1. Could you check, for the stretch 29-38, whether at least one of its residues is part of a loop (DSSP other than H, G, I, E, B), β-branched (V, I, T) and at pLDDT 95 or above?
2. Just name the residue that is nearest to G182 (Cα to Cα) out of those in the stretch 205-241 that are aromatic (F, W, Y) and without any contact (Cβ under 8 Å) to a residue 40 or more places away in the chain.
3. Which members of the stretch 92-120 meet the condition of being in a loop (DSSP other than H, G, I, E, B) and of a type in the set (A, V, I, L, M, F, W, C)?
4. Within the stretch 233-291, how many residues turn out to be of a type in the set (G, A, S) and either surrounded by fewer than 18 Cβ atoms within 10 Å (Cβ to Cβ) or assigned to a loop (DSSP other than H, G, I, E, B) (or both)?
5. Within the stretch 68-108, can you find the residues that are surrounded by 15 or more Cβ atoms within 10 Å (Cβ to Cβ), free of Cβ contacts under 8 Å to residues at least 40 places away in the same chain and under 14 Å from A173 (Cα atoms)?
6. I'm checking my understanding of the structure. Among residues of the stretch 121-167 that are among the β-branched types (V, I, T) and either in a loop (DSSP other than H, G, I, E, B) or over 17 Å from the mean Cα position of the chain (by Cα) (or both), which one is surrounded by the fewest Cβ atoms within 10 Å (Cβ to Cβ)?
Amino acid sequence: MPILDMPLASLKNYQGINPRPADLDAYWDASLEELAGVDPAPVFKEAAFQTANAACYDVYYTGIGGARIHAIHLRPKKITGKIPVIFLFHGYHGNAGDWSDKLAYVNEGVAVFAMDVRGQGGESEDVGGNLGDTLEGQIIRGLDDEDPKKLFFRSVFLDTKQLVNVALMQDFADPEQLYAQGGSQGGALTVACAALEPRIRRAAAFVPFLMDYKRVWEMDLDLDAYADLKAYFRFHDPRHLREDEIFTRLGYIDLQFLAPRIKADTIFITGLLDNICPPSTQFASFNKMTCRKRMFLYPDYGHENPRGALDIAFTFLTKGVLPEE
């Protein structure tokens, strides 16, 4: 088997090396309490795209900091009683995507909400207001601010939770059938959503991002999606005198530390040749989960959707069924 990272036996026991902030649980408990005081004030606008079976809407709601967040929403035109809801999250720099690729879920009687991450390729508002570097990427956004609550991805993680709140305000949403899925950054947000919203019942995370930052740096893979880590040190701490402080601050948005909160049945799709989000970083989170979980390993795949994996996730999310080992 090709090896990019640790041997598989080591990966299965790996617990991560990024330092964990001592007050991490209090940080996220306070963040959820703050969010509870934010009225999402959702607005649904009928979209130009419509089909015979799906009603389609642009949705706008308020997140942390007063930002108006955009999502696209599809649901069956004929609904009897309560139906399942799935939350879809996109990759870094992207957006909620096209309407048509969500129709398979609608055809199964599932309502879909797909969120635009603030400040990326969609319509969601980035209200900014952070001190320090914002040039290279969003991992380091807010890192220099005195208040760790200014970290950019804190707001994005909370946006996923607020989207669930918006969905549950709708008469058709079944609180017992809430699901989440995404790849790369979307895989990270799937983990975040399931961690911050205990009513999520099933989650499928493909090659998830935003985990074990120090391990990425140690492997010299602070490139591409993680390039802002290297840029930050080169310009703001070239001798790494603040290394422990910086990685500890990043620990607030390191999903390996939120993973133990997940109650949903969860699957990971992991390519063992992933040089964007290394396998060890994904195992750091997966190994900390105490929920029902399963990781599907693809030895010859990197940071991509392996053949057949989307079908596995679709069947798992809509029917609760997984293939045999």
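The values are calculated or read from the model by the stated rules, or taken from the named source; none is laboratory data. These figures come from a predicted structure and were not determined experimentally. With ideal geometry, Cβ positions are generated from the backbone for all residues, glycine too; neighbour counts draw on all protein chains shown.
1. Taking the stretch 29-38 as the starting set, the residues that turn out to be part of a loop (DSSP other than H, G, I, E, B) are 37-38.
Filter again for β-branched (V, I, T), leaving 38.
Going one step further and asking which of them are at pLDDT 95 or above, we end up with 38.
Yes - at least one qualifying residue is present in the stretch 29-38.
2. Step one: filter the stretch 205-241 for residues aromatic (F, W, Y), giving 206, 209, 213, 217, 226, 232-233, 235.
Those still in the list that are without any contact (Cβ under 8 Å) to a residue 40 or more places away in the chain too: 217, 233.
Details: W217: 24, F233: 30 Å.
So, considering only residues that are aromatic (F, W, Y) and without any contact (Cβ under 8 Å) to a residue 40 or more places away in the chain, the one nearest to G182 (Cα to Cα) is W217.
3. Once the filter is applied, which keeps residues that are in a loop (DSSP other than H, G, I, E, B) and of a type in the set (A, V, I, L, M, F, W, C), the stretch 92-120 yields A96, W99, V110, V117.
4. Looking only at the stretch 233-291, we keep the residues that are of a type in the set (G, A, S), and these are 251, 259, 264, 271, 280, 284-285.
In the following step, the residues that additionally are either surrounded by fewer than 18 Cβ atoms within 10 Å (Cβ to Cβ) or assigned to a loop (DSSP other than H, G, I, E, B) (or both) were identified as 264.
Of the residues in that region, 1 qualify.
5. L74, P76
6. Within the stretch 121-167, the match that is surrounded by the fewest Cβ atoms within 10 Å (Cβ to Cβ) is V127.
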